[in-house]
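The values are calculated or read from the model by the stated rules, or taken from the named source; none is laboratory data. No experiment lies behind these values; they were computed from the predicted model shown. Backbone-built Cβ (ideal geometry, glycine too); neighbour counts: all protein chains shown. The accessibility values were calculated without ligands, DNA or RNA, using every heavy atom of the protein model including side chains. Shrake-Rupley method; radii C 1.70, N 1.55, O 1.52, S 1.80 Å.
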Amino acid sequence: MTESHSRVAIVTGAGRGIGAAVARRLSADGFAVGLLDLDEAAVKSGAEDLAAAGGRAIGVGLDVSNTEQVEAAVAKVAEELGPPTVLVNNAGITRDNLIFKMTDDDWDAVLNVHLRGSFLMTRAVQRHMTAQKWGRIVNLSSTSALGNRGQVNYAAAKAGMQGFTKTLAIELGKFGVTANAIAPGFIATDMTAATADRLGLSFEDFKAAAAREIPVQRVGTPDDIAHTVSFLVSEGAGFVSGQVIYVAGGPKD
Ligand code: NAP
């Protein structure tokens, strides 16, 4: 290792889907990884798999929208793996409905996990980054930030992630910390499988229909996102900050 800073990453929502793929990729890239998720068993088992493959990893259960749990989880990672210098705010949920049917709870739950969760995680981790004068923050936005029927809560949260990211880039740049957002299009995970289910479609039909509308003619995979994270947290990406990268198989605006 030639860098003067620690190579310790935290990935939220690492129990499955995109977060699990990001954790695997960062481990393969040589980072020690703290896998955080509501599902403690899933991240403990994920961390064991990474350790078995030669990496250093721990799994910690938490709700990212709970201040005490966030502080405790970040402290545990710092103590067991070293001070975290990479944070991937990936934990997410959907509670889709048209606005006239959307409940207060649907709204609050989505805003709390994505926005409050990313705020709490970032506030807790940035102190380790600024102390080491190096850090990389990657926030998961979505093409839904541009508007998507049935997702006023999720679209608002994912658009919020973009403003959050740009402001972090402005505030933390002088400490050697970059912040960027990835806005995925359709990625095949449990989240999109649940959407297919809600619409009464088989997942295979849903994916095939989505692929026809995507310029590269396929849906995305969690590894497509992990690859982009790997670039953004690399040493060489230090001049890329405050950006939103659409990873959607084609342009979005
Ligand atoms: P997923 O398969 O549903 O995984 C989400 C993970 O986040 C789950 O492991 C879940 O834990 C965890 N989580 C949820 N609430 C949490 C909380 N309060 N505290 C800690 N962990 C929590 O979703 P995904 O498709 O991988 O999505 C990952 C991220 O990418 C999300 O931010 C999502 O909005 C974004 N995204 C996804 C797509 C897509 O097409 N899939 C597109 C654009 C953006 P449990 O297993 O315990 O529920």
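Here the contact order of segment 195-253, divided by its residue count and restricted to Cα pairs under 8 Å and six or more residues apart, works out to 32 percent.
The mean sequence separation of alpha-carbon pairs under 8 Å and at least six residues apart, normalised by the residue count of the chain, gives a relative contact order of 18 percent.
Which net charge results for the neighbourhood of G55, defined as the other residues with beta-carbon distances under 12 angstrom from its beta-carbon, given Lys and Arg at +1 and Asp and Glu at -1?
On the way: positive: R7, R24, R25, R56; negative: D29, E48, D49.
It works out to a net charge of +1.
Residues of the chain were split at every exposed loop site, defined as GluC sites (Glu not before Pro) in a DSSP loop with at most 12 other C-beta atoms within 10 angstrom, and the longest piece left, sites excluded, is 4-212.
Leaving ligands, DNA and RNA out of it, report the carbon-plus-sulfur percent of the accessible area of the chain at a 1.4 Å probe.
Numbers: 6100 of 11630 Å².
Solvent-exposed carbon and sulfur of the chain make up 52 percent of the total.
Can you give the Rg to Rh ratio of segment 45-93, both from alpha-carbon atoms, with Rh computed by the Kirkwood formula?
Answer for segment 45-93: 0.98.
What relative contact order, as a whole-number percentage, does segment 46-187 give when Cα pairs under 8 Å and 6 or more residues apart are counted?
Numbers: 220 pairs, mean separation 33.7, N = 142.
Taking the mean separation of contacting Cα pairs over the length of segment 46-187, I get 24 percent.
3J(HN,Hα) along segment 236-253: x, 8, x, 9, 9, 8, x, 9, 10, 9, 7, 10, 9, x, x, x, 9, 8 Hz, from the Karplus curve 6.51 cos²θ - 1.76 cosθ + 1.60 with θ = phi - 60°, whole Hz, x for Gly and Pro.
Using only Cα atoms, locate the centre of segment 121-146 and the centre of segment 60-85, then give the distance between them in Å, rounded to an integer. Rounded to whole Å, the Cα centres lie 14 Å apart.
Springs between alpha-carbon atoms under 10 Å, Gaussian network over the chain: tell me which of A75, A196, A156 tops the mean-square fluctuations. With Cα springs under 10 Å in the chain, the top fluctuation among A75, A196, A156 is at A196. Accessible area per residue for the chain is 46 Å², calculated with a 1.4 Å probe on protein heavy atoms, without ligands, DNA or RNA. With the cut-off at 18 Å, report for segment 201-247 the share of all Cα pairs above it, as a whole percent. Looking at segment 201-247, the distances longer than 18 Å represent 47 percent of pairs.
Per Stokes-Einstein, at 25 °C and 0.890 mPa s, what whole-number D in µm² s⁻¹ belongs to the chain, with the Kirkwood radius over Cα pairs as the hydrodynamic radius?
135 µm²/s
How large is the Rg to Rh ratio of segment 1-137 when both quantities use alpha carbon positions and Rh follows Kirkwood? Mind dumping the intermediate values first?
Working: Rg = 15.3 Å, Rh = 15.1 Å.
My calculation puts Rg/Rh at 1.01.
With R₀ set to 30 Å, the beta-carbon distance separating N148 from S4 gives a calculated FRET efficiency near 0.10.
Put simply, the amide H of F186, placed in the peptide plane, has neighbours under 5 Å in G220, leaving out anything fewer than 5 places away on its chain.
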